[in-house]
Structures are given as structure tokens and as C-alpha cells.
Number of protein chains: 4
Amino acid sequence: MKKGVMRPGHVQIRVLDVEEALKHYRDLIGLVEMDRDDQGRVYLKGWTEVDKFSVVLREADKPGMDFMGFKVLNEEVLEQLHGDLVAFGCEVEQIPAGELSGCGRRIRFVAPTGHAFELFAEKERTGKWGVGNVNPEAWPMDLKGMRAQRFDHCLLYGDDIDATYELFTRVLGFDLAEQVVDPEGNRVAQFLTVSMKAHDIAFIKHPEKDKFHHASFYLETWEDVLRAGDLISMTDTSIDIGPTRHGLTHGKTIYFFDPSGNRSEVFCGGDYHYPDHEPVTWTVDQLGKAIFYHDRQLNERFLTALT
Amino acid sequence: MKKGVMRPGHVQIRVLDVEEALKHYRDLIGLVEMDRDDQGRVYLKGWTEVDKFSVVLREADKPGMDFMGFKVLNEEVLEQLHGDLVAFGCEVEQIPAGELSGCGRRIRFVAPTGHAFELFAEKERTGKWGVGNVNPEAWPMDLKGMRAQRFDHCLLYGDDIDATYELFTRVLGFDLAEQVVDPEGNRVAQFLTVSMKAHDIAFIKHPEKDKFHHASFYLETWEDVLRAGDLISMTDTSIDIGPTRHGLTHGKTIYFFDPSGNRSEVFCGGDYHYPDHEPVTWTVDQLGKAIFYHDRQLNERFLTALT
Amino acid sequence: MKKGVMRPGHVQIRVLDVEEALKHYRDLIGLVEMDRDDQGRVYLKGWTEVDKFSVVLREADKPGMDFMGFKVLNEEVLEQLHGDLVAFGCEVEQIPAGELSGCGRRIRFVAPTGHAFELFAEKERTGKWGVGNVNPEAWPMDLKGMRAQRFDHCLLYGDDIDATYELFTRVLGFDLAEQVVDPEGNRVAQFLTVSMKAHDIAFIKHPEKDKFHHASFYLETWEDVLRAGDLISMTDTSIDIGPTRHGLTHGKTIYFFDPSGNRSEVFCGGDYHYPDHEPVTWTVDQLGKAIFYHDRQLNERFLTALT
Amino acid sequence: MKKGVMRPGHVQIRVLDVEEALKHYRDLIGLVEMDRDDQGRVYLKGWTEVDKFSVVLREADKPGMDFMGFKVLNEEVLEQLHGDLVAFGCEVEQIPAGELSGCGRRIRFVAPTGHAFELFAEKERTGKWGVGNVNPEAWPMDLKGMRAQRFDHCLLYGDDIDATYELFTRVLGFDLAEQVVDPEGNRVAQFLTVSMKAHDIAFIKHPEKDKFHHASFYLETWEDVLRAGDLISMTDTSIDIGPTRHGLTHGKTIYFFDPSGNRSEVFCGGDYHYPDHEPVTWTVDQLGKAIFYHDRQLNERFLTALT
């Protein structure tokens, strides 16, 4: 948290049918529905998250990610980063408080990979869902499906990941936790963190701009990943791959698709990061093992199914 | 245990190089080396098994299974079953005590699928490995690799699984725990048990006789299956599929290959069976889900890589 | 299964208030309510059990166990065992079919420890709860609380455990899986099994007859034991001890009390048994470790809180 | 990380016999021995830690903690915090680089609770033990005992926890993650964090200064906590309590004693914290549940066995 950016705060995902999408994000992944707005957007979150929402579903003609937002420490930080983004060369759009239900003002900018990002300092704090702040129980009894704990990160595909790296590290204070490097020494994947997590945002180099690979949600245990796999089958949900482990970050994972074709991940574990840690490097000849630690080979779908 | 057959007692596996095979069965799977004989065969077992050995490795020109043996209650049962096998139409070969180190006399016969099976009543009882019989600790400290607990079952491919079904159920007292049935009502896979386990032996219909699909070893937990997957990668072992769950038996599993091309499974969990349980039926249109519950589709290799 | 006794089939437990008891057995332990009868008895079972019920709650003035029943293979076995029980010296009572809802005729006898036991061959088979017998899913989605899989065994305290040992082993075909032995070589605890489980019934020597220590229910994993402990706290249920491991059987366990003071156990894991296995012996000087493997000392309550 | 303090960096523990202590910290907990110095001190660390060491064992006449050190971002931060500590009223001692093998210069001060703390910016970076920084495997194969991943935090008992709270929050940039509050609103326990962990240091109010309750080491899973309990028994190590869950932080834990009487904890899980999170409050009437979530009552030993 070198520049006051704390964590991923929300992601707005385009879906073809909101009610179908709710069966996925709410009933299957187990996010909690928190609100709807007059645009028909639905707000959800994982039960451990203290802010009002972290996932926004917007009905649209094509799937994908509208934007991802990061929460910063306070208004002063927001103001400072606004200036820093402009100085870096970004066009910054101001979005007034309340445009997202319960969220303070946001500043939005487009990264060199073509993805829209936002920063904000204030969001209504409803507290963890189902447990109080005084003598809290270990978990709430009424969770559904995979019982996801929180929105964790996104993996995005885009072209200019080098400039995006500069933006996230120099302006926003992220660290490079892990990377994939080709024989010429070029970074083809970068996993960036702003706190102790193995990644808060990740980018893979890809000829097109602004592609969405997946949004990821945190589970507590490897047994939860198994249960997730079971639920994917029981609900006839389209699976991508898993349960397995990643080489990158060493998280334990399963991938599957929402009814609109957006990929979701649920995972647990994974390495931790401190600012003095050297980045971990995977060489591109070991890319299969880097992505899928057990199979040690990529499935084509993982590289090409993007929204 | 309707006819006095208790459990799978041993399997003799052909390997191209015994020392290479030991890296697989002893160092990776974690079986304990118990003995070698003057034919160069190596004897191993899982640490929870009380008899001296359950896996015999024999160096040969081609991989596969020589035979699988079942332990029966006592000599009277052995004598009775000898007669019953002959009455069923089997040729029964007598193998004297000591031909396998520490094993009593065996009677051997060939099932209609072409596989050789044996029955025996006596084997040297060395006790669980690494823990005593008085005030025993929970587990021994010096286990290696996947720390497999026991040899559990084999899956075999062969042609006449119907007659083999008759042999195992009517003569040997096995129950049909699970089956896969085609639209005409023919059984194309049968999982047979002689006690509470989901299967002690399984057969899949296949045009050739006497093919070996895998030998399976029991682990304690789903976390052990993850560790097994990790060890498969760390040792550059050829993986087939997993970690995943089966639909059939609902066990949690991972498959991989020994250096000779024989498939191994390690798994945990799985349904239990009592003699009054109706068999579970999977329909062949759901074969993918029956085999790999999460992916819901077969990989070609699982059906065709046989030894 | 040497004499045709297959498994524990049911236990009838006395409770002071049936509706309060249902919060415990149904909502907390997660048994499924299957029926009620005109005596006000409530019938429940774990979801993996194929027979209609395994637990019967009867409202009464004092808690405890009315009787425990074992299912046998068929009517012939039942008839044979009737004669064998009489020959052993038991008075055998005949209870007509239908006295327990959906259960065939039962024969009841009192063991030398003063506990009533029953044998029966028929019970309505409703199948596993929530999953079918064709292409079955891994588990049903609507389970409650601890999601107990099955009624597993009882531990009973009584005086003449030696004669009861003779009854269970010689007449009913049970094996001694584990025992606790005092310095004079007397057995002070005996864990008896009739199949592969570490125990189907256990007895501890105690000056009074006919005391009930606990009924035990099977969970799948150590993580389920943790969840059970969490639920015990969340519901303000009286806990005895756990989560921990037993030395005896090495099962992983937690104990707690129903509102009437009857002790319940939920557990997972545990050693397996075959008829040729030597019994495991714990010496009474290691009784603390035998019962609670981690603490290695008994709490007074475990020895004295009986119903 | 508001003031540049990153994480707990080391703890120096007094033990009565270093070789006996190594059986505990190295062979049982599974820390890796990294070095010894000419004072006879032994340096260890958990395998995931990138710095050279995190635990120092010093042979002495009585057990306890000599000091705990925190790593800061860089020399500028160290200089700044030196000034801030003096301004707060601390006497600050300078300890030259190399006094601890491989550690840069440290500044040491005594908190109002009487405990000695240190800050340092540089320590030899040997990397994670047993895995490289390029294409790293999931874990090293040669870990011992409990395979502890890292030194995580200390819990200390002392008198003036209010002034110590001021010191850690205002000067060092820690957040209050959780607290126990008495009916008059006084904080009697405070769990402080400087990053995402539920606690990096914790204090409980106690009449004496400078008492050491425990040093804690991080495990990966609840199954590792079970294994830890098993190993405690197998090695006849003195146990305090567990496996269980805490109410505070909701971590899953087991406590035991080193041969000198210092308490150790190994744990997994636990809530996460961000700087905008409200502190969690436990009321002192629920202290039993706050400390031991399942038993809901304290054992006297937990409150009084201090070094």
C-alpha cells in the first residue's frame, strides 16, 4: 500500500440476462445480493467483505468487464492519485457519488491495455454479512452454493502490458509479485499486488485490447474447491478446468463459465507477498506448469475464451 | 463376505525396470519395501496393511498385470472355493506355499475376461508398518511420498465381463456395487465389492482379453490427493487426469503412470456398500460424468491407454 | 459378517422433549426426519442410509437408550440367531412387524450388561436421501447442520462386559477390533465390529447396568468436524470435548450433549478392520491417550456423565 | 503499512538448553536451522520466509522473550521512526549491523508493557527455503515435523497496554484489528496488525511487565493442525489446548510448550484486515468464547502459564 490504494473494491460485469446471471453469481458462487438500482444493475458481495458490494452485474448485449475499481485510503489519496494519473498521461473521468448505489465519487481512467479502472475512497459500510462486529460467530449459517468469501482479483488480457505495468507500479503503488518471461526477457504475464495477496490484478499479453479473462472469488479451503467442482456438475454449469493448483501463486483453483460466457474462478490458498519480496519468475517454456501445475499443459480454451 | 473371500490381497505388476519402478511405487506412492526374492521380484505394501505385502513388482519385457490375489478366511474356505471354481468350469492351478515370499499356497484361475486371479488363506503377518499393536500411534513418522495406506483395488478391461460377473458374484461372493448400463440394458462396466468398500475389483467391457487399466492405492484425505498431484509434478511423473472426483463411487482421485506405462490411481473417500444395497446404475449416455464427475467428459487416453 | 449380522440398524433414544430433541438431531446434527408414529416417536436417518430410519426419538421422563437394533441378512439368519440366542441363555422377545414404522419383525434380548438389543431382517428401503440410484449426484444440496452421513455406533457402559463379549462374538459374529486391558489382563473396554468399521458397538466396564454413553454419527472429513464444533458454539449447545482424535480407532471426533443430557458424537476417519486382524490393545495406564489422543488425559465428565 | 513497518521480522527466545530446544523448534515445529553464532545462538525460520532467519534461540537461566523485531521498508523509514520513537518518549538503543548474524543495524526500545522491540531495515535475503525464485515448486520435499510456514506473531502480557497501544498505532502505524473490552469500556486485550493479517502482535493486560505468552507459527490447513496435534502426542510434548478455533480472529489453533516452558502456537486461517475495517470487539463476559470458540471457557493455564 505504497500510494494509499488498499484493495480491489468492485468489478462491473456485463451479462446477457441478469436473472440467469444471478443463478450463477448468487446461487452458485454464493455471493450475497445487496441491492438493485434503477438501471437494473444488481449489487453483490462475498460475506466477509465489509463494504456494501463488490460485484455489479449489468445486462448488456455482449459479455465482458465494464470496469474494475480499487478502494483507496481516503479523499486526500484520491485527490493525489487523480493528479498522478493525469501526470502519467491518463484521461481521468469523474463519476459522481451515488452513480453506483452506496459508492462515493469515483475517478475512472483507461489503462494502456484498454481496460477501464476506477478509484474511490468511500463506500457504504454494511459490515460483514451475517455476522456482527461484536462477539462475531465464525461464519453465517445461511450461505449458499460455494459460499465465496470475497471478490479477490481479475485477470485481464491486453496489448500494452508494459505501459500498464508502469501505471500500476509507479502511479498506483502496486508490486510485481509474479511474472512470466519469454526467452528475450519480455514480460508476457504480470501478477500485481497492492498488499499481502499473491495478486490483486493480473495481465496477460494479448493482441487485442480490453479483454476479460476472469473474475476470481476467494474460498477458504481445498475442500471448498472440491465442493465448488461438485456444485458445478450438479448445476450443469460449463467448466473450464480444475480442481487443480496453479504454478503461478500456487493457489488451488477451479474455473467455470457464467451463462453469458464470462469465466469465473474460485480458489483458495496461494503465496503471500511483502514489498521487499523479489518477484517470482516463470519462464515461458514452463507456461503450462505455471498455469496448471498438475497437468503441465495448457488447454487452448484457457488462452482463447475471452469476453 | 458371503463366501469367505475377505479382500484384495496382492497384485503382481510387470515393469520394464525394477529400480525405476521402485522410484514410483516406493518413493512416490509411498509403499514400503518389504522384501525381494531370488527371481528379483520386489515386495511392497501400504503401511496400514497387516500382511507382509500387497504389491509385487516383476521385471519383464512388457508391462501389465500378472495376476491379482484375494485373501480368504481360512484353509477350509480355500478348499471349498477350489471345488466351486472347478464346478464353475475354471481350470485351477495350485501354487505351493513360498512361491511368493511369505505367502501360503495359492490357487490360480483365469476369469472369462482373460485375467489371472488367485486365492490364498495364509500370508506372513508382519503387522501395520511403523506402528505397533499395543498403544499404537496414529501414523508412522517415516512415510515417503504420497504415504499410500493400502493397495485397494484394480480396474481391468476385458471381453466377457458377463461370465466374469457370474464367477465373482456366484462363486466368490462378491456384490455388484455399481454398474454402467447401455441403452439395451447391457452392463458395460461393473464395480464389485466383497465387503464395505465401493469396489474391490472392477471390469470394463473391451474387445481384448486381459488388459490392465490401473492398480489403485488408498489415501486418507482430499488434501492427500492434492499433495499427490503436487508430487506428480515435482517428480516429472506422467499424469493422466486429476485431482477430480468420480461419479461412480464418488471417490476423489488422481491418475498417473509408472515408468513402464502402467497406470496408477491414488484416491480417497467413496461410497460404502452393504449386501442389502441395491446396485447404483450409471447410464452410458452419462459415462463422462460417471468417470470424471467434474469434467463430465472422458479423455481418450483413459479409455485406450492399457497395459 | 460371520453370522449374517450386517450392521447397526437403529437406536431408540429417550428424550425429555421431542421438539427440543429435533433441534439437536435434525437441525444441528443434520439427520433427516423421515416419519412420526402414533406414539409420538420421530424417525430420522443420515442421508447416505438406504433404509427408512436409523434413529428413533421417544419422549420419556428420563433420558437414555431404549434399545439398539442390528440388521441381519435375511429371515433365515434371523431365525437361526433366534435359536442361537436362546441357546446362549437369552430370553428373546418377539416384536411384530410395524411396531416401528416401516420395520419388519424384530427379536429383542437383553445383554449381560443390561442393554436391550434387537435383530431384524427387513426395513422399508427408501434409498439414500436426496440422491437417486441412477446417475447419483455426489451429495444432496439441502442438508442441514453437520450433514451427518449415517448413524454409526453406540458406546455403552455396563457391568458384565465379559459375558457380553461372548454373546457378541460367539453368537452374533462380531470381532474384537480394539480393547483396553488392565494390568491383571482384564478387558475394561471392548470395541466390536461386524464389518470393516473400527467399531459397530463398544462397551466400557462400569458398576451399573444399562448405561448409555453416546450414539455416534459419521461425518466425511476433519473439516466437517471443525464445522460441527463451530455449529455447537453457534447454537449454544453443551460441548463435552473436541475437536480431537481418539487413540482407540484413531477417529477424529467431537462430543456434545442433546437437550436431555444424552451425549452425541460426530466423527470421521478411523482405522479399518478385517476378520484376520489381531485386536489392537491399549493398556489402562495409557487410557487418557487411548480416549483423547492429543490431551492424553481424561476429563471426569467423559467417564461419569451417562444416561 | 502506514508508517513503513512491514511485518514481524524476528523473535529471540530464551531457552534452558539449546539442543533440547532445537528438537522442539526445528524437529517438531519444522523450522529450518539457518545459522549459529559465536554466542551459541541458533537461527531458524519457516520455509516460506525470504529473509535469513526469524527465530533466534538463546540459552539462558530462565525462559521468556528477549525481544521481538519488525522489518521496515528501508533505511529512511528506520531513521524517521527512530526520531518518532524518541519523540514519543522511548529510549532508543542502537545495535550495530551483524550483532545478529546477517541482520543490519537495529534500533531497540522498550514498550510501556516492558517488552523490548526492535526495528531493522536490512537482513540477508536467502530466499524461500528449498524452492527457488524461478519456476518454483509448490513446496520443498524435505520439511520436518509440523512444516511451519513462517513465524507469524507473538502474544505478550503486560501492564500498560494503553500506552503501548498508542505507541504501536500512532508511531508504528499498526491498526487495532480486534479487542476485548470490559464492562467499563477498558480494553483488556488488543490484537494489532500492520498489514492484512489478523494480528502481527497482541497484548493482554496483566499486572506484571514483560511477560511472554507465546510465539506463533503459521500452518497452511486445518489438517496440518491435526497433524501438529498428532506430532505433539507422538513426541510426548506438553500440550496446552487444541486443536480448536479461536473466537478472536477465528484462527484454528493448537498450543503446546517447549522444553523450557515457553508456549508455542501453530495455527491456520484467521480473518483478514484492511485499514478501513472497524475493529472487532469481544466483550469480557464472552472471554471464554473469544479465546476458545468451541469450549467457551478458559483453562486457568492459558491465563497464568507465562515466561
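Data overview
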read-out	value
Qualifying residue in segment A:141-160 (condition: without any contact (Cβ under 8 Å) to a residue 60 or more places away in the chain, within 30 Å of A:Arg227 (Cβ to Cβ) and of a type in the set (A, V, I, L, M, F, W, C))	yes
Check on C:Gly89, on the phi > 0 side of the Ramachandran plot, at pLDDT 95 or above and more than 14 Å from every other protein chain (Cβ to nearest Cβ)	yes
Members of segment B:263-273 that are within 21 Å of C:Thr221 (Cα to Cα) and either within 9 Å of chain C (Cβ to nearest Cβ) or open to solvent by less than 30 Å² (accessible area, probe 1.4 Å) (or both)	B:Glu265, B:Val266, B:Phe267, B:Cys268, B:Gly269, B:Asp271, B:Tyr272, B:His273
Cross-chain or 6+ apart pairs with Cβ under 7 Å, segment C:119-132 first and crowded, with 18+ Cβ neighbours inside 10 Å, then of a type in the set (Ser, Thr, Tyr)	C:Lys128/C:Thr48
Positions within segment C:196-245 being among the hydroxyl-bearing types (Ser, Thr, Tyr) and farther than 20 Å from C:Leu306 by Cα, in sequence order	C:Tyr218, C:Thr221, C:Ser233, C:Thr235, C:Thr244
Residue within segment D:197-218 that is surrounded by 19 or more Cβ atoms within 10 Å (Cβ to Cβ), touching a Phe, Trp or Tyr at 6+ places or on another chain (Cβ under 9 Å) and closer than 24 Å to C:Tyr255 by Cβ present	no
Failed criterion for A:Trp282 (all others in (1) more than 25 Å from A:Gly64 (Cβ to Cβ); (2) within 14 Å of chain B (Cβ to nearest Cβ); (3) aromatic (Phe, Trp, Tyr); (4) open to solvent by 10 Å² or more (accessible area, probe 1.4 Å) hold)	(4)
Pick from segment D:248-262, criterion out of contact with any helix residue (DSSP H, G or I) (no Cβ under 6 Å at 6 or more places or on another chain) and free of Cβ contacts under 8 Å to residues at least 60 places away in the same chain, ranking: nearest to the other protein chains (Cβ to nearest Cβ)	D:His250
Count of segment A:227-241 residues which are within 9 Å of chain B (Cβ to nearest Cβ) and open to solvent by 10 Å² or more (accessible area, probe 1.4 Å)	3
Scan of segment C:289-307 for residues that are within 11 Å of chain D (Cβ to nearest Cβ) and open to solvent by less than 10 Å² (accessible area, probe 1.4 Å), ordered by number	C:Phe292, C:Tyr293, C:His294
Residues of segment A:145-179 that turn out to be surrounded by fewer than 17 Cβ atoms within 10 Å (Cβ to Cβ) and among the charged types (D, E, K, R), as a count	4
Unmet requirement for C:Lys71, which otherwise passes all of (1) crowded, with 23+ Cβ neighbours inside 10 Å; (2) within 14 Å of another protein chain (Cβ to nearest Cβ); (3) assigned to a loop (DSSP other than H, G, I, E, B)	(3)
A:Glu49 vs. criteria part of a loop (DSSP other than H, G, I, E, B) and either farther than 16 Å from A:Leu119 by Cβ or open to solvent by 10 Å² or more (accessible area, probe 1.4 Å) (or both)	yes
One residue from B:Arg150, B:Arg170 being of a type outside the set (Gly, Ala, Ser) and more than 14 Å from chain C (Cβ to nearest Cβ)	B:Arg170
Test result for D:Glu137, within 14 Å of chain B (Cβ to nearest Cβ) and of a type outside the set (Ser, Thr, Tyr)	yes
Filter result for B:Tyr255 (buried (at least 20 other Cβ atoms within 10 Å of the Cβ) and either of a type in the set (A, V, I, L, M) or more than 30 Å from B:Val15 (Cβ to Cβ) (or both))	no
Candidates B:His10, B:His24 - the one that is in contact with a strand residue (DSSP E or B) (Cβ under 8 Å, 6 or more places away or on another chain), assigned to a helix (DSSP H, G or I) and either in contact (Cβ under 8 Å) with a residue 60 or more places away in the chain or surrounded by 21 or more Cβ atoms within 10 Å (Cβ to Cβ) (or both)	B:His24
Failed condition for C:Arg41, given (1) closer than 22 Å to C:Ala177 by Cβ; (2) open to solvent by less than 10 Å² (accessible area, probe 1.4 Å); (3) over 17 Å from the mean Cα position of the chain (by Cα)	(1)
Hits in segment B:224-234 (condition: touching an Asp or Glu at 6+ places or on another chain (Cβ under 8 Å) and under 25 Å from B:Glu300 (Cβ atoms))	B:Ser233
Subset of segment B:89-104 [open to solvent by 30 Å² or more (accessible area, probe 1.4 Å) and either touching a helix residue (DSSP H, G or I) at 6+ places or on another chain (Cβ under 8 Å) or within 12 Å of B:Phe67 (Cβ to Cβ) (or both)]	B:Val92, B:Glu93, B:Glu99
C:Glu59 vs. criteria touching a helix residue (DSSP H, G or I) at 6+ places or on another chain (Cβ under 6 Å), among the acidic types (Asp, Glu), buried (at least 16 other Cβ atoms within 10 Å of the Cβ) and at pLDDT 95 or above	yes
Close pairs (6 angstrom Cβ cut-off, 6 or more residues apart or separate chains): hydroxyl-bearing (Ser, Thr, Tyr) in segment A:42-65, open to solvent by 10 Å² or more (accessible area, probe 1.4 Å) and not in a loop (DSSP other than H, G, I, E, B) anywhere	A:Tyr43/A:Met34; A:Tyr43/A:Asp35; A:Thr48/A:Arg150
Segment D:235-248, subset part of a loop (DSSP other than H, G, I, E, B) and of a type in the set (Gly, Ala, Ser), residue farthest from D:Ser260 (Cα to Cα)	D:Gly247
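Results for (1) part of a loop (DSSP other than H, G, I, E, B); (2) closer than 20 Å to A:Val280 by Cβ, shown as yes or no for each residue.
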position	(1), (2)
A:Phe191	no, yes
A:Ile204	no, yes
A:Lys209	yes, no
A:His214	no, no
A:Asp224	no, no
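The values are calculated or read from the model by the stated rules, or taken from the named source; none is laboratory data. Just so it is clear, the model here is predicted, and its values are computed rather than measured. With ideal geometry, Cβ positions are generated from the backbone for all residues, glycine too; neighbour counts draw on all protein chains shown. The accessibility values were calculated without ligands, DNA or RNA, using every heavy atom of the protein model including side chains. Shrake-Rupley method; radii C 1.70, N 1.55, O 1.52, S 1.80 Å.
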